1. Counting residues that are buried (at least 20 other Cβ atoms within 10 Å of the Cβ) and either in contact (Cβ under 8 Å) with a residue 40 or more places away in the chain or β-branched (Val, Ile, Thr) (or both), which strands (runs of 3 or more DSSP E) fully inside region 1-105 reach at least 1?
2. Taking region 42-74, which residues are of a type in the set (Asp, Glu) and in contact with a strand residue (DSSP E or B) (Cβ under 8 Å, 6 or more places away or on another chain)?
3. Restricted to region 85-132, and to residues that are in contact with a Leu (Cβ under 6 Å, 6 or more places away or on another chain) and aromatic (Phe, Trp, Tyr), which residue is farthest from Gln157 (Cα to Cα)?
4. List the strands (runs of 3 or more DSSP E) inside region 125-204, counting only whole elements, that have at least 1 residues being surrounded by 15 or more Cβ atoms within 10 Å (Cβ to Cβ) and modelled with pLDDT of 60 or more.
5. For region 31-53, give me each residue that is over 17 Å from the mean Cα position of the chain (by Cα) and farther than 20 Å from Gly208 by Cβ.
6. Exactly one condition in (1) at pLDDT below 95; (2) closer than 24 Å to Asp158 by Cα is false for Glu63; which is it?
Amino acid sequence: MIALRPAEERGHTRLSWLDSRHSFSFDRYYDPRHMGFRVLRVINEDRVDPGQGFGTHPHRDMEILTFVLEGVLEHKDSLGSGSVIRPGDVQRMTAGTGISHSEFNPSRTEPVHFLQVWILPERPGLEPSYEQRSFPAAGLRLVGSRDGREGSVRIHQDVLVYVGRGRRRARPRAGPARLDPDGPRRRAGERHAARGGRRGGAERGAVGHAARRRRRGGVGLRPAVTGEAARAC
């Protein structure tokens, strides 16, 4: 069974400097029908104004992936890591026993648009860690996995994360970033459109749409985040 969720049904947070859309319950947005999908807990689409951002805040026992779609995002954390994330980069932060970090738009003129994805780890109490890699645009590409195969970032969970453009006839049409559990036969999946097509107009409306597949008796996860890049807060 495939369930479609239009982008306009997502939760919405609007502050003077932040415009955020939530695929699952997050912060003040609560919907018992959308609390996550298997080990996929958060997909947030954030737009942050120039010179603004999230101050230092803590996380624990979560795998956090960040994908910048437009602009740049500056990251600093309690491990001493500091970096600038750009389109094509994938950042993985393992919160584990506890980590604090900040996310800031260093530009004085341009907003930053990014996705952040949270995945429950395979076990609690992992050692906090950080990793960032750049992936040239090349169709559908593996960017995250449990074992770091094909140069992907390592995620402490049995998932595969793909980023790239969707097939011409796929719905939604935007490039896909998929989270798949490892293995050839998986029972469920989710695809999230991070970008619309190039034609403008109706194609732009695909941004934020999601398609979720469930199969009776399934035990695997196959969430997906689609787009030319991906993100979460």
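The values are calculated or read from the model by the stated rules, or taken from the named source; none is laboratory data. Quick caveat: nothing in here was measured; it's all calculated off a predicted structure. Virtual Cβ from ideal backbone geometry, glycine too; neighbours counted across all protein chains shown.
1. On the way: elements: 2-5, 11-14, 18-22, 40-48, 53-59, 63-70, 73-77, 82-85, 89-94, 99-104.
Correct list: 18-22, 40-48, 63-70, 73-77, 82-85, 89-94, 99-104.
2. Filtering region 42-74 down to residues of a type in the set (Asp, Glu) leaves 45-46, 49, 61, 63, 70, 74.
Those that are of a type in the set (Asp, Glu) and in contact with a strand residue (DSSP E or B) (Cβ under 8 Å, 6 or more places away or on another chain): Glu45, Asp46, Asp49, Glu63, Glu70, Glu74.
3. Among those residues, the one meeting the criterion is Phe114.
4. Working: elements: 129-134, 141-145, 160-163, 177-180, 189-192.
Strands (runs of 3 or more DSSP E) meeting the threshold: 129-134, 141-145, 160-163, 189-192.
5. Within region 31-53, Pro32, Pro50, Gly51, Gln52, Gly53 meet the criteria.
6. (1)
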